[in-house]
Amino acid sequence: MKSNNKMVALGAVVLAVLVAVLAAVWFNTRPATSEGEKTITVEVVHKDGSKKTFTCATTEEFLAPVLVNEKIVEDDPYETGMFFVVDGEKAAYEEDQSYWAVLQNGEYAQLGITELPIQDGDAISLVYTVYTGG
């Protein structure tokens with residue numbers, strides 16, 4: 001019985017250390033935010049290929065509030081976790097496998113819009129995309 005208790009205690013210690021190490025790695029490698037005034041451009045590429053560009057001056061550190069404040073996004077990304085209507089056009093994955101791809105400075109964003117930090121001069125693209133498999 002004592003051997004089982006020692007193993008459980010050892011497992012708990014190892015788990016606690018592992019969680020602490022993973023938390024430290026995440027904290028030290030997460031994308032940095034930038035305080036203060038910044039200007040970003042947001043290009044919306046619609047289903048028909050037409051484009052519309054918005055220039056946004058902001059003090060926000062993350063993308064979602066900029067999109068909401070500038071009325072580029074109609075849905076509240078904090079409430080839904082996603083957004084479907086951009087510049088008046090809806091993408092609905094459940095209907096036709098369409099979604100809005102988010103690019104930051106020409107690269108696919110590695111985070112969602114609520115967690116995506118922005119920097120002065122960033123070029124954001126919201127591209128209507130249909131998933132075709134593969």
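The values are calculated or read from the model by the stated rules, or taken from the named source; none is laboratory data. Computed from a predicted structure; not experimentally measured. FYI the Cβ positions are ideal-geometry reconstructions off the backbone, even for glycines, and counts take in every protein chain you see. Just the protein is used for accessible areas: all its heavy atoms, side chains included, with ligands, DNA and RNA removed. Shrake-Rupley method; radii C 1.70, N 1.55, O 1.52, S 1.80 Å.
Of the residues that sit in the stretch 70-84 and are at pLDDT 90 or above and open to solvent by less than 60 Å² (accessible area, probe 1.4 Å), which one is nearest to Ile40 (Cα to Cα)? Step by step, filter the stretch 70-84, then rank; the result is Ile72. Across the stretch 38-61, which residue is farthest from Gly121 (Cα to Cα) among those that are open to solvent by 70 Å² or more (accessible area, probe 1.4 Å) and touching an Asp or Glu at 6+ places or on another chain (Cβ under 8 Å)? The extreme case among them is Lys47.
Looking only at the stretch 44-63, filter to residues that are in a strand (DSSP E or B) and not aliphatic (A, V, I, L, M); which one of those is modelled with the lowest pLDDT? I'd like the intermediate steps shown before the answer.
Going through the stretch 44-63, the residues in a strand (DSSP E or B) turn out to be 44-45, 51-58, 62.
Okay, now just the ones that are also not aliphatic (A, V, I, L, M), so 51-56, 58, 62.
Working: Lys51: 98, Lys52: 98, Thr53: 98, Phe54: 98, Thr55: 98, Cys56: 97, Thr58: 97, Phe62: 94.
My answer is Phe62.
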